[in-house]
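As structure tokens, the structure follows; a few thoughts come after it.
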Amino acid sequence: MKKVLGIILGGGAGTRLYPLTKLRAKPAVPLAGKYRLIDIPVSNCINSEIFKIYVMTQFNSASLNRHIGRTYSFSGFTEGFVEVLAAQQTSDNPSWFQGTADAVRQYLWLLQEWEVDEYLILSGDHLYRMDYRDFVQRHRDTGADITLSVVPIDEKRASDFGLMKIDDRGRVIDFSEKPKGDALKKMQVDTTTLGLDAKQAKETPYIASMGIYVFKKEVLTDLLNKSPQQTDFGKEIIPASAKDYNVQAYLFNDYWEDIGTIEAFYEANLALTRQPRPPFSFYDEKAPIYTRARYLPPTKLLNCQVTESMIGEGCILKECRINHSVLGIRSRVEAGCVIEDSLIMGADFYEPYAERPSDCETGPIPLGIGTNSTIRGAIIDKNARIGCDVQIINKDRVEDAEREKQGFYIRNGIVVVFKNAIIPDGTVI
């Protein structure tokens, strides 16, 4: 894998994840109480022995830079690195990244300096665990110019994805973006070609792109240079190349979730609490997910009832009830609180007198969830200050609302409280 260079695409402004992306790049959005989205593809690379990794981004990259700088430091005796490549103006490219392919094109001069055979292009907002060694080996064994990682899809979900058709050797011969009706039926394929058994192939007769690609170095260079007007890999570069290049499909038949929307992000986080086996587990010694090492005290629970939940380190919970929720690092929940079906991201720091009494005192609202508050079906971003007797329950069953001045949005019925927001005592949402 020394001949593979990893390139993680950080995405655009992250509008589908707003307001979680208001103050941070999409790959820097917190995940599962203590990780960030970027930790997933970087950890997959490290576990696959790919140690040269670039992350491309252009929006709100300060916290992403800080996280990567504090987390991924390889020995000085290796060539390994994880570096952010942010959009920048040059004499050749005065504009920002115009798409996934354009981002790689603008940094092609830097990528070409490495003596590698393949470029592994990944997305920064997916939750999955993959050994890229198998992916790259399939690419090499088939003599492919480009290999796409695909997932098998049933007919019910197929029209939500970009689908592709393959021949009996696994070569991609056709693409269709979110087809419906007869156009959908035409995209059915025999997935036994890619390794599924007959029963699985019947249940999932479609294959969808994961947005993960392996390119031969010279092929990617050629494609980007000869088509400067094409700015996106999935919609332009790869479909246009199927006729002239050997484009192969690699089947990934395991858990994979695109968590680029508020609803998908919320559901993927809460699915981690599922019993007896969640769809994705962070408890895998052979392929761990890495993140920044923090030196936090143990979580303190004082007479609490906690069911089907994940609690990050450094939390202080008092006489509260927590069910089917994920609480991030340094979360603070006062007495009498009820938290259900929610994601509490925690805090970046402790305030003085962190172990203060639970009484509702006059003065500034402290970090955390105040006494006798109820939170249900919500995402509370980092460093939020929720007052006493607050109810965040979407009582009017609103599907979508923008209340920026009040410190929250509602997306798909999920209340999302902004980072650093202050919700006064007695507020009902």
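A short reminder: the numbers here are calculations on the coordinates, not readings from a lab. All of these numbers come straight from a predicted model, not from anything done at the bench. Heads up, the Cβs are rebuilt from the backbone with ideal geometry, glycines too, and the neighbour counts pull from every protein chain shown.
Whole-Hz Karplus values for region 189-204 come out as 9, 8, 6, 5, 4, 9, x, 6, 7, 4, 5, 5, 5, 5, 6, 10 Hz, taken residue by residue from phi with 6.51 cos²θ - 1.76 cosθ + 1.60 and θ = phi - 60°; glycine and proline positions read x.
Would you please classify the overall shape of region 18-92 from the alpha carbon gyration tensor, given that a ≥ b ≥ c denote the square roots of the eigenvalues, rounded means a/c under 1.5, and beyond that prolate means a/b larger than b/c while oblate covers the rest? Oblate, because a/c is 1.5 or more while a/b does not exceed b/c.
What is region 286-370 by shape, rounded, prolate or oblate, if you read a ≥ b ≥ c off the alpha carbon gyration tensor as root eigenvalues and call it rounded for a/c under 1.5, prolate for a/b larger than b/c, and oblate otherwise? Oblate is the answer for region 286-370, as a/c is 1.5 or above yet b/c matches or exceeds a/b.
Axis angle, to the nearest 10 degrees, between helix 132-141 and the longest C-alpha principal axis of the chain: 10 degrees. Comparing K235, K26, K186 in a Gaussian network model of the chain, where Cα atoms under 10 Å apart are tied by springs, the biggest mean-square fluctuation is seen for K186.
Beyond 38 Å, what percent of the Cα pairs of the chain remain?
Working: 24837 of 91806 pairs.
Counting every Cα pair in the chain, those more than 38 Å apart make up 27 percent.
Calculated on the alpha-carbon coordinates, the convex hull of region 316-429 measures out at 88 cubic angstrom per residue. The Cys residues in the chain with no partner Cys Cβ within less than 4.7 Å of their Cβ are C45, C304, C315.
For the peptides 263-270, 191-198, the ranking by mean Cβ contacts within 10 Å, running from highest to lowest, is 263-270, 191-198.
Summary value for the chain: 14 percent relative contact order, contacts being C-alpha pairs under 8 angstrom separated by 6+ residues. Of D154, D141, D258, the residue with the greatest mean-square motion in the GNM of the chain, using alpha carbon springs below 10 Å, is D141. Taking a Cβ cut-off of under 15 Å around R169, the surrounding Lys, Arg, Asp and Glu residues balance to a net charge of -3, with basic ones at +1 and acidic ones at -1.
Convert 25 °C to kelvin, take the viscosity as 0.890 mPa s, use the Kirkwood radius over C-alpha pairs of region 346-398 as Rh, and evaluate the Stokes-Einstein diffusion coefficient in µm²/s, rounded to a whole number.
Numbers: Rh = 12.3 Å.
Reported coefficient: 200 µm²/s.
For a test of the definition: using alpha carbon positions, the gyration tensor, and the 1.5 limit on a/c, classify region 1-133 as rounded, prolate or oblate. Judged from the Cα gyration tensor, region 1-133 comes out oblate (a/c at least 1.5, b/c at or above a/b).
Sort 377-389, 282-294 by packing, meaning the average of other beta carbons within 10 Å per residue, with the highest value first. Don't jump to the answer; show the numbers that get you there.
Working: 377-389: 22.3, 282-294: 12.8.
Peptide ranking by packing, descending: 377-389, 282-294.
With the helix formula -39500 (n - 2.57) applied to DSSP H stretches of n ≥ 4, the chain reaches a computed 222 nm mean residue ellipticity of -4500 deg cm²/dmol. Between the listed residues A264, C360, N394, the Cα displaced farthest toward the positive end of the dipole of region 254-401, a dipole computed from Cβ unit charges relative to the Cα centre, is found at C360.
Where does each of 300-310, 63-73, 316-326 land if you order them by average Cβ count within 10 Å, highest first? Provide the component values of the computation, followed by the final result.
Values: 300-310: 14.4, 63-73: 17.5, 316-326: 20.6.
Descending packing order for the listed peptides: 316-326, 63-73, 300-310.
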